[in-house]
1. Given 291, 240, 233, which one is more than 24 Å from residue 183 (Cα to Cα) and within 19 Å of the chain's Cα centre (by Cα)?
2. Among the residues of the range 34-62 satisfying the criterion of being assigned to a loop (DSSP other than H, G, I, E, B) and of a type in the set (D, E, K, R), which is farthest from residue 182 (Cα to Cα)?
3. Taking residue 28 as the residue in question, decide whether it is assigned to a helix (DSSP H, G or I), in contact with a helix residue (DSSP H, G or I) (Cβ under 8 Å, 6 or more places away or on another chain) and under 23 Å from residue 107 (Cβ atoms).
4. Give the residue that is surrounded by the fewest Cβ atoms within 10 Å (Cβ to Cβ), with candidates limited to residues of the range 108-127 that are in contact with a strand residue (DSSP E or B) (Cβ under 6 Å, 6 or more places away or on another chain) and not aliphatic (A, V, I, L, M).
5. If only one of 19, 79 is closer than 30 Å to residue 165 by Cβ, in contact with a helix residue (DSSP H, G or I) (Cβ under 9 Å, 6 or more places away or on another chain) and modelled with pLDDT of 95 or more, which one is it?
6. Could you list, in sequence order, all residues of the range 63-107 that are part of a loop (DSSP other than H, G, I, E, B) and either open to solvent by less than 10 Å² (accessible area, probe 1.4 Å) or free of Cβ contacts under 8 Å to residues at least 12 places away in the same chain (or both)?
7. Please list, ordered by residue number, the strands (runs of 3 or more DSSP E) wholly in the range 177-293 having 1 or more residues that are open to solvent by 10 Å² or more (accessible area, probe 1.4 Å).
8. Name, by its number, the condition in (1) touching a residue at least 12 places away in the same chain (Cβ under 8 Å); (2) in contact with a strand residue (DSSP E or B) (Cβ under 7 Å, 6 or more places away or on another chain) that does not hold for residue 261.
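The values are calculated or read from the model by the stated rules, or taken from the named source; none is laboratory data. Quantities reported herein were computed from a predicted structural model and do not represent experimental measurements. Cβ coordinates were reconstructed from backbone atoms using ideal geometry, including for glycine residues, and neighbour counts include every protein chain displayed. Note: accessible area is taken over every heavy atom of the protein model, side chains too, but ligands, DNA and RNA are not part of it. Shrake-Rupley method; radii C 1.70, N 1.55, O 1.52, S 1.80 Å.
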Amino acid sequence: MNTTSDFGVATMSGTLRKVGMRRPGAILTADSDTWHYAKPIDAGALQQQYDAFAELVAASGAEIHWLPDADDDGLADSVFTYDASFVVGAGAVILRPGKDLRQAEAALHADFYESIGMPILGTIDAPGTIEGGDCFFLDASTIAVGRGVRTNQAGIDQLAAIVEPTGITVEAYDLPYLHGPDACLHLMSVISPLDHDLALVHAPLVPYALYERMESLGYTLLHAPEHEFDASLGLNLNVLATGPRQLIAIEGFPGTVELMRSAGCTVEVFTADELCIPCEGGPTCLTRPLLRD
C-alpha cells in the first residue's frame, strides 16, 4: 500500500507522475440517447482510440493506476475519470456528479482511493453537486470552480469547507446556460491550463471575472479558433498537460494545435472521433491526476 506522500496534486500543469484511468466498459454498449452521446458508439473504433491515448499517457512517463474494470455496471461515463473526484495535495475529495446517471461513480472512486492508500478528505453530499470538469487549480492554493448545470452552490460550499483546512481556497465563477441541462458545459470546456502561466480558452464563453483574474495572475490566454470549438463540440479545448507545455490533444483541429505550438508547447495528437467528440469528454476527462510535481 502506498503512503500519503506518494500522492498529491496542487497544479494543473506540473509533470504528471501518477494518474487514475478506467478502461472502456459499459460505454461500449451504451445507448447513445440515454447517455446524451451525439451518435451511436462504434465499439471497436472507440477501444482502439482509447488504447492509443493510454499509450501516449504511458509514454509521457506517467504511472497509470487502473480503476477496476466492469462491463456490466452500467457506468458508461466512468471512463471519464476526471469528474467523480478531485485530488489536492493532502488527498482526494469524492464528488457528487450533477448528471444523475453518473452518481454511482462516487463509490467506485472511493473504493479506488482506499485500495491505493490515498486519504479521502471528504465527500460531497446531497443536495450538493460538483463535477471535476468544473474545477481546476488557478495556482497552488486556489481552485477555480464553475457554477452551472453540473455544479451547484451547495457543492461548491462543501468543497470549500473540505479543502480549507489544507490551505486551499475556492473561487466560484458562473457558467452560461448555452445548450442547457442535457448538454455538458464544464468550466474546463472553455479553459484548459497548459502551464502555470499559460491557458487555452474559448473566449466567448469564459466568465469575464475569471478571465481578468487569470490575467492578473500572469497567465497568457490563447484564444482558440472559434470555428474549431464549434466543429469539435468544444473538445478542441480539452487538452491534457502531462507536463509544463507538454500536451496531448485531439487530432483534426490544426488551428488549435498550431496556436499551442507557437506558444512553445509540444503537442501529441490522437484520433478521437469515436472516443471523445460524440461522448463529450476529451483527454483531460479521461484521466484523474493523482500526483504532479
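1. Answer to the check: 291.
2. 42
3. yes
4. Filtering first and then ranking leaves 119.
5. Working: 79 fails: closer than 30 Å to residue 165 by Cβ.
The unique qualifying residue is 19.
6. 67, 80, 81, 82, 83, 84, 95, 97, 103, listed by residue number.
7. It comes to 191-195, 220-223, 240-243, 246-250, 266-270, 288-292.
8. All conditions pass for residue 261, except number (1).
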